[in-house]
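To start, the structure itself, in structure tokens.
The values are calculated or read from the model by the stated rules, or taken from the named source; none is laboratory data. All of these numbers come straight from a predicted model, not from anything done at the bench. Here Cβ is always computed from backbone atoms with ideal geometry, including for glycine, and neighbour counts include all displayed protein chains. Ligands, DNA and RNA are excluded from the accessible area calculation, which covers all protein heavy atoms including side chains. Shrake-Rupley method; radii C 1.70, N 1.55, O 1.52, S 1.80 Å.
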Amino acid sequence: MRRPQYPAECFVREDLSDCLAPATVLDWGAEVTGQTIRSVTGRRTLKIDLDGRTFYLKRHTGIGLKELFKNWLSFRQPVFGARNEYLACRYLESVGIQAPIVAAFARSRGPAWRQRSLVLCEELSGFEDLETLSLGWAVQPPDGREVRALVMQVATFARAFHDAGLVHRDFSICHLLRDVTHPAAPLAVLDLHRARRFAELPAR
């Protein structure tokens, strides 16, 4: 019987400790099934049920050397796994900006470009992304006041996000969410796997 290898780094929230064991959480993440939300090379996002609740699991299988060199040649910082998203979500929670709440995170040992990793987050229920919200606007334009209010919400969120020292690096309206019940409440943000944190934001 193969002895489980403990991850190089692991976090499991206390309320899920009966479901997820640190020694086997990466194997669990590789085997668990659910609704595929997105699948690209080296990364898959699943919607799953766990302990009677809905979560989103983002699992990384390593970017490989080809993708690593492609990022370097295009002067982009490669994203090696789920750690970026884990750290960004935890940090945003600490500064009061709405983002997915992390329930578990783990990454394997070995070279960064071939590490397995995962981040498990609670579903942000009761929210609608701004892209979905605006889909029907070409056919049925909204009231101008509603559009101005939404633009101000996006601007206010962007300022708070950047004042916190973060850049998203994929700041699209599909990654910004509005509270359906309280539309005037501050926006929430998703998909932080490329996010970077700076002590002081660079001018560009």
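Observations on the structure shown:
- Residues in segment 70-204 average 58 Å² of solvent-accessible surface per residue, probe 1.4 Å, ligands and nucleic acids excluded.
- Where only DSSP H runs of four or more residues are counted, the chain gives -8000 deg cm²/dmol as its mean residue ellipticity at 222 nm, each run worth -39500 (n - 2.57).
- Rounded to the nearest 20 debye, dipole of the chain from Cβ charges on Lys, Arg, Asp, Glu: 1160 debye
- One chain, two ends: Leu16 and Lys47. Fully extended at 0.36 nm per residue, the span grows by 9.5 nm beyond their Cα-Cα distance.
- The chain, relative contact order [Cα under 8 Å, separation at least 6], %: 20 percent
- Of all accessible heavy-atom area on the chain, the percent that carbon and sulfur account for (1.4 Å): 52 percent
- Compactness ratio for the chain: Cα radius of gyration over 2.2 N^0.38 Å (N = residue count) comes to 1.11.
- Highest mean packing first, where packing is the average number of other Cβ atoms within 10 Å per residue, the peptides 120-131, 138-149, 191-202 line up as 120-131, 191-202, 138-149.
- If R0 is 30 Å, the Cβ-Cβ spacing of Ala184 and Asp27 corresponds to a FRET efficiency of close to 0.10.
- A simple spin-label model places the labels of Asp163 and Leu135 3.4 nm from each other, with each point 7 Å out along Cα-to-Cβ.
- Between the Cα long axis of helix 64-73 and the first principal axis of the chain there is an angle of about 40°, rounded to the nearest 10.
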